[in-house]
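Let me begin by presenting the structure, written as structure tokens, before commenting on it.
The values are calculated or read from the model by the stated rules, or taken from the named source; none is laboratory data. Since we're looking at a predicted model, the values are computed, not measured. A quick note on method: Cβ atoms are made from the backbone with ideal geometry, for glycine too, and the neighbour counts reach across all protein chains shown. Remember, those area values only see protein heavy atoms, side chains included, never the ligands or the DNA or RNA. Shrake-Rupley method; radii C 1.70, N 1.55, O 1.52, S 1.80 Å.
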Amino acid sequence: MPSPFNSTDFAFCKQYTAILKSYADVIKIEYSGALCSAGKTEHACQMMASTPGQYLFAVDRREVIDTRIKRIEKKAAAEGTHPLVQAIFSKSEGQFEAGTENVRQALREQPTKDHDAPHRVVVCTHEGLLSSDLSTYQGWTLIIDETPNIWGFGELQSPFSWSLYKSFFGLKPLDDEWSEVTICRDAPTPTACAKDAAISDDFRDLYRRWKNTRPLVKLTSWEETADGRRWSWCSVWNPEKLDAFKRVMILANSFEDSLTFKLLKQAGVRLVPFSIPDDRQWLPRTVLIRYFASTHRAGTGFGPIRLIRVVLKPSGRPPSGSCRTPILKIIFGRPICMN
């Protein structure tokens, strides 16, 4: 699927910059773009474990939630603190049967529970964070682990279902090609749609996304799609939803190079970098890579790896001739080939 940022056909950034700049200058996000293994997640877990407060911790996927909770609890035990740690994630068969049926409702209502607990940590996923009403988290600290994807894009065809779109979504024209999607007043809720077998899961997922992001579509009326043409939509998550938090932090490798960073910066969000304290000692180690090269020497195009000595040894039986054994020594990210 093509990206709207690779085509001059999309007025995406221009339109959303105008929409977001009206409020984005009051939103502040602290971030660390330190490299992998720099201790960003450890820093976050230590902070949540050692400093009593109210924290919403958003991770990139459900699979890492249990690991993050164990790290927080281990550090809390060492610090002598007793945070109330709770996880909110979607339910599915197998590993995630303990999840919830309605993540958005659970996230919205969680701050209204356990008022007497002075030290609370709620762990969720990026998807849950970006699709929920966060206005109930007044005074909380939000920590986002890894870069959240705040933009969406898609191409669709609706030669027979355009009337369904029309019954759910209004179009507010922005120019001769683009319109902003609105939700019809009499449209049923996404939960109610689940009771109608004729409405697909894909449509309900799109409805939930659009209900939260109000996308732009390259249409001026739904009737235009009756001829089977492909039409595009694009959206950016509204950072105004972060207004309730007293502090927002993003911990993500090379965050400044991400599309999320560029969109937030373009919209005028205050992005403030901070450093992660790291007193760990990095020691040299040897990595052995076995390779087979029949007609040429193995390449030495390894990325920047700090304090690593890589030894390349031939493996297998070459058809003919002999196979040389180059040694690639990488010191502070600068490869030096030693033959």
(request) Quick one: accessible surface of Ser200, probe radius 1.4 Å, all protein chains present, in square angstrom to the nearest 10. (result) 60
(message) 5 Å is the cut-off here: which amide hydrogens, built 1.01 Å from N in the peptide plane, fall below it relative to Ser90, excluding neighbours closer than 5 in sequence?
(response) Thr100
(message) Order 239-248, 216-225 from most to least packed using the mean count of other Cβ atoms within 10 Å.
(response) 216-225, 239-248
(message) Give me, ordered by chain and number, the residues 5 or more places off Tyr55 or on other chains with an amide H under 5 Å from its own placed amide H.
(response) Arg120, Val121, Val122, Thr141
(request) Would you please give the residues with an amide H less than 5 Å from that of Arg247, counting only those at least 5 places away or on a separate chain, with H modeled from the backbone geometry? (result) Leu142
(message) With the cut-off at 32 Å, tell me which of the pairs Lys70/Lys195; Lys166/Lys241; Lys195/Lys241; Lys70/Lys113 have Cα atoms farther apart than that.
(response) Lys70/Lys195
(message) Before I look further, what does the range 15-168 give for accessible area per residue, probe 1.4 Å, in whole square angstrom?
(response) 48
(request) On the full set of protein chains, 1.4 Å probe, figure out the accessible area of Leu259 and give it in Å² to the nearest 10. (result) 60
(request) Order the peptides 173-180, 141-148 from the highest to the lowest mean number of other Cβ atoms within 10 Å of their residues. (result) 141-148, 173-180
(request) Leaving ligands, DNA and RNA out of it, report the carbon-plus-sulfur percent of the accessible area of the range 127-202 at a 1.4 Å probe. (result) 50
